[in-house]
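For reference, the structure is listed below as structure tokens.
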Amino acid sequence: MTDTDTGGYQAAFEQVQRLLNAGDFEQALEQVDLILQVHPRDVKSAYARAVILRRLGQHDASVALLERLVQGTQGVPAVYEEYGQALHAVGRIDDAIGALRAAVALNPKSASSWRLLGESLHSEGEAEEAEAAIRQAMAVTHAHPGIVKALELVQQEQLGMAEGICRDYLQRNPRDVSVIRLLAEIGIKLGIKGDPELLLEDCLRMAPDFHLARNTYASALGQAQKYEQALAEIAHLEKVDPQNLSHSILAASIEVMVGDYEAAIERYGFLSERFPRHAQLHNSFGHALKTVGRQQDAIAAYRRAISVNESMGETYWNLANLKTFRFETDEVDRMRALIGQDAISDRDNFHLCFALGKALEDRAEYAESFQYYALGNDRKVAQEGYRADETTAETNALIDYCTPALFEAKSGFGDPSPDPIFIVGLPRSGSTLLEQILASHSMVDGTSELREMVAIARRLGGKRNRADASLYPGILSELTAAQCLELGQEYLLRTQVQRGDAPFFIDKMPNNFQHIGLIQMILPNAKIIDARRHPMATCFSGFKQLFAAGQTFTYGQENIARYFSDYARLMTHWDAVLPDRVLTVKYESVIDNVEAEVRRILDYCGLPFEAGCLAFHETQRAVRTASSEQVRQPIYTDAVEQWQHYAPYLAPMQAELTDWILDHEKD
């Protein structure tokens, strides 16, 4: 290239940049094409052409050009970032995330790459990782070292320290909207009522076009159960920021939260048609369809997800988790081939392990099935870092603090409403079956695993940093009659949106067994049912179950067996200090004589017998748990002794549970 060529090229390229900055994309495309006619191998012009094509909405052409550039210009962060944007625009979110990860690895100080990575992760449902990426974008752009430190502390779950830094900074810089949004995010994580919403309202008054803050505000409103207001904020975002798919996905998740599955299904259906190459959308669509009992449609949606992303382990697990679904031989072979491949993420790997374990169990290939269940558990144990000693210490504290003297002192406290029926226990212990039976009664609304009681207990604990000691349960002795009444009323108010018109409703959060003392103090007339199943059946069923979130104690034989021991010890304590307060219902007894057990449950709840409770499998309602398809069938006995097929491999579990097994079998 001569000096004259260089000068002409430079002037022509500067003209492309001016046109691009002015939004005159058609003219910019004509100009860059003229350059490429003379300099067909010019990477900078080819990159500019890809940007222009994306801005013109010609996303497929942009992706095709950027694919060639990525291969020919390895190690250029801007190319990877633009590639991620183009992939995001065509709905190839998994590939977009891969490109953006490459961009931030090459240039960790690229705020725009971090922001887009966060947006892409949000649309995949990876909220925690998305928030971490967004905080990283803030960290590379914010000039104040204290705020950079606060962002590190949030990542380390030192929320109280981070909160203090942000509040101190905002005393001197009250209009820094990015820090206001960060402080609101910290407040949401801490479970602080009201304050995050007020902060975000102030933030949006100062910066109404701060879309990320408005998205956070909508999420906070949803968590506060102000669903109509949340959806109105998202509707605004969908108009002004239509390319950000995370807004619409947040709206669908809120519709699911409120139980408006038809609206969520309609939204997911529209989005999956608009973005047919977005595997996670098809996956989420399948979830919503499964919940309302449209199993064949759910299977079709899940299979569309796999057709877009063959290695998407979560979708294979979702098919396996239908319980009544059976994989084809080629699907089993594909899972075997995928597991352990270097290109497969850890997340895909452990999902595939659990899915393949279930597929092989259905084929009665128990030895190989257990190998994959164990491998999946090992990977989850390493990821989750569950500490069994902490659960034992929490159980001991509940037993020490929740004494007959405490409940005698608090007698008559709380809201006297008899509305809630709590079903507690361990996951996979038959609680969904009991819920479906009760929800088939005309006077009872079925809801789901409600988080309100756990949230109240967590707030009472007052932890602001991960290493802080919890005030709970010791703080129970300090609660006044007025406070107990207020907490009971708060629970009833926050759960109202989940109810229909029936006078009673079910809260099936299994972990509420830890909070029976709190329930007694704030809702003394609520009913509590302990769903109990053979210890080995319960623990093995939990061991082979991959939960979408939480229940980290289920991974590892020793972990889940110790958790069962702590649960059983605590239930024994509740029976001693609150005699006849809790009704224990054994799964095996329900299987053996369903009518007798149904009558016993209804008598305890003060409800008249209704034959519909025996035909529970005919009840049409949304069921969100792993047993959603099983409770839509009549009573069956297959699962009662299923664990015995794996008995040769379960010695660690059985050793921990010996006394509880004997106790269960003697009754």
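Quick note: the coordinates plus some simple rules give every number you see, no bench work behind them. Being a predicted model, the structure only gives us computed values, none of them experimental. Cβ: placed from backbone, ideal geometry, glycine included. Neighbour counts: every protein chain shown.
General remarks:
- Here the gap between Thr73 and Gln489, fully extended at 0.36 nm per residue and compared with their Cα-Cα distance, gives a gain of 143.5 nm.
- Amide H contacts of Arg363 (H built 1.01 Å from N, in plane; Pro and chain starts excluded): no residue 5 or more places away or on another chain comes under 5 Å.
- Pairwise FRET efficiency - Asn465 versus Val240, Cβ, R0 = 45 Å, nearest 0.05: 0.75
- Placing a label point 7 Å from the Cα of Ala397 along the Cα-to-Cβ line, the residues of the stretch 438-465 whose backbone N sits under 18 Å from it are 453-465.
- Exceeding the 25 Å Cα-Cα cut-off - candidates Lys323/Lys666; Lys380/Lys666; Lys193/Lys463; Lys193/Lys290; Lys189/Lys358; Lys189/Lys380: Lys323/Lys666; Lys380/Lys666; Lys193/Lys290; Lys189/Lys358
- Nonlocal amide H pairs with Thr447, under 5 Å, H built at 1.01 Å: Ile506
- Segment Lys109-Ala651, length gained on full extension (0.36 nm per residue, minus Cα span): 190.0 nm
- Annotation note: trypsin sites (Lys or Arg not before Pro) in the stretch 35-104 located in DSSP loop regions with a Cβ neighbour count of at most 10 within 10 Å are Arg41.
- Under a 5 Å amide H cut-off, with hydrogens placed 1.01 Å from N, Val424 pairs with Ile529, Asp530, Ala531 among residues at least 5 apart or on other chains.
- Relative frequency of Cα-Cα separations exceeding 25 Å in the stretch 3-117, percent: 22 percent
- Helical content alone sets the calculated 222 nm signal of the chain at -20000 deg cm²/dmol, taking -39,500 (n - 2.57) per DSSP H segment of four or more residues and averaging over every residue.
- Answer label, with Cα Rg over 2.2 N^0.38 Å calculated from the coordinates and candidates (1) 0.99; (2) 0.93; (3) 1.06: (3)
- Candidates per chymotrypsin sites (Phe, Trp or Tyr not before Pro) in the stretch 184-274, loop by DSSP, up to 13 other Cβ within 10 Å: none
- For the stretch 571-583, 3J(HN,Hα) per residue [Karplus equation, 6.51 cos²θ - 1.76 cosθ + 1.60, θ = phi - 60°, Hz, x = Gly/Pro]: 5, 4, 5, 4, 4, 6, 8, 10, x, 6, 7, 10, 9
- Vicinal HN-Hα couplings computed from phi for the stretch 24-30 (Karplus, 6.51 cos²θ - 1.76 cosθ + 1.60; Hz; Gly/Pro x): 8, 6, 4, 5, 4, 5, 4
- For the stretch 383-397, 3J(HN,Hα) per residue [Karplus equation, 6.51 cos²θ - 1.76 cosθ + 1.60, θ = phi - 60°, Hz, x = Gly/Pro]: 6, 7, x, 5, 10, 5, 4, 5, 5, 4, 5, 5, 5, 4, 5
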